[in-house]
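Okay, so here's the structure we're looking at.
The values are calculated or read from the model by the stated rules, or taken from the named source; none is laboratory data. Given the structure is predicted, the values throughout are model-derived calculations rather than measurements. Every residue, glycine among them, receives a Cβ derived from its backbone with ideal geometry; neighbour counts consider all protein chains shown. Note: areas computed on protein heavy atoms with side chains; ligands, DNA, RNA excluded. Shrake-Rupley method; radii C 1.70, N 1.55, O 1.52, S 1.80 Å.
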Amino acid sequence: GARRDTVENYLKRLKELEAIAAGFPGVERSFAIQAGREIRIFVNPIEINDLEAKKLARDIANRIEKELKYPGEIKVAVIRESRVIEFAR
């Protein structure tokens, strides 16, 4: 069945998700996508290593569980990438 949710509540939930992720050190950007069912977090690869990225994802998921009310589940994806670009002239 369809869930009835006001636009204001929907936008508030998305902003709260992004704000929770942004509160952690090393986080550059966060985006709540798929109607708040997933949050993608981009971290600084210099500050956060692979093990810390895994711990960060778990910490964010735990904080979301404690602070937000939501139907279903929310996928927390931490993205750590490094790009190198050089130009030959």
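Principal axis analysis of the Cα atoms in segment 37-81 yields extents of 34, 16, 12 Å, listed in decreasing size. Seen from all directions on average, segment 6-57 presents a Cα convex hull projection of 3.5 nm². For the chain, the per residue solvent-accessible surface stands at 78 Å², with DNA, RNA and ligands left out and a 1.4 Å probe. The label point for Ala53 and the one for Arg37, both projected 7 Å from the Cα toward the Cβ, are 2.4 nm apart.
Computed from backbone phi with θ = phi - 60° and the Karplus coefficients 6.51, -1.76 and 1.60, the 3J(HN,Hα) list for segment 12-17 is 4, 5, 5, 5, 5, 4 Hz; x is used for glycine and proline.
Counting Lys and Arg as +1 and Asp and Glu as -1, what is the net charge of the other residues whose Cβ lies under 15 Å from the Cβ of Arg80? Summing Lys and Arg as +1 and Asp and Glu as -1 gives 0. Candidates Phe24, Gly72, Leu56 compared by Cα position along the dipole of the chain: farthest toward the positive end lies Gly72, with charges placed on Cβ. In the chain, the portion of solvent-accessible area held by carbon and sulfur atoms comes to 50 percent [1.4 Å probe, whole percent, DNA, RNA and ligands not counted]. Recomputing volume of the Cα convex hull per residue in Å³ from the coordinates shown identifies the correct label among (i) 144; (ii) 130; (iii) 74 as (ii).
Per residue, the average separation of C-alpha pairs within less than 8 Å and at least 6 apart gives the chain a relative contact order of 27 percent.
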